[in-house]
1. Tell me which lysines have Cα within less than 23 Å of residue 181's Cα, excluding those fewer than 8 residues away on the same chain?
2. ³J(HN,Hα) across region 105-119 via Karplus (A = 6.51, B = -1.76, C = 1.60, θ = phi - 60°), whole Hz, x for Gly/Pro?
3. 5 Å is the cut-off here: which amide hydrogens, built 1.01 Å from N in the peptide plane, fall below it relative to residue 80, excluding neighbours closer than 5 in sequence?
4. So what are the ³J(HN,Hα) numbers for region 59-74, from phi and the Karplus equation (6.51, -1.76, 1.60; θ = phi - 60°), rounded to whole Hz, Gly and Pro as x?
Amino acid sequence: MWKPPDEITTALAEVDARGLDQLGVIELVTMPVCDAARDAIDRAAVARHRRQASALDAHALLVREKLAATLGAFLGRFGVTDRDWELTAHLMSVSSATRRAVADELRQTEEQRNEARGQAEARRARIVANAEDQAATAQTEHRIMTVARDHDDWIAESKLRKCLSKKQRGYFPEAVECLVKNGDLEARDTVPGHGPPGTEYRPHNGWNQDIGQG
């Protein structure tokens, strides 16, 4: 029977004041559930415990059971019949499709975030590597010029390389090419008949001793 809002508020206040004792003994009644629903829920529970299915999949069947019970109550029945269980499959298919779409969108977003993070890390690594290469090349250039300047005459490439550290030898081609290009170092091919073929170097006149660091 319908009651005005004020009467409903008063009744709720009385219930809250007296507590649940006024309800007396509450008897629990087991709702009958069809075998198809019970078997599906039991199989999902076993699969979840064996880590063969996600907890979300098992929970979806419990939601379906509640929908089936609600449908039965709406039709004036108490319990879940095979027909109720079948009908709720259509409702859950829509829910599952929505859940998959949301999961796919979240996965794509995470993949894009990971890809962007990877690209940013790669860019930072390239920047760091480039800075390290530039510093190592500059140090190698300074070492080459120091050795060449301390030598009285032309110095063979092989001898010049021996005066460099193992790391500096790896930067020798770029360093010596840059020095020759900038005019800090002169280069010439070895004169035939004076040892094995190769290249010799010497500082250009007026070379600035303060070039580079290291």
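1. 159, 162, 167
2. Karplus values, whole Hz, x for Gly and Pro: 5, 5, 5, 5, 4, 5, 5, 5, 5, 5, 5, 5, 5, x, 5.
3. 33, 34
4. 5, 4, 5, 5, 5, 4, 4, 5, 4, 5, 5, 5, 4, x, 5, 4
All of the numbers you see were taken from the coordinates with simple rules; none came from a lab. Small disclaimer: the values here were computed from a predicted structure and weren't measured.
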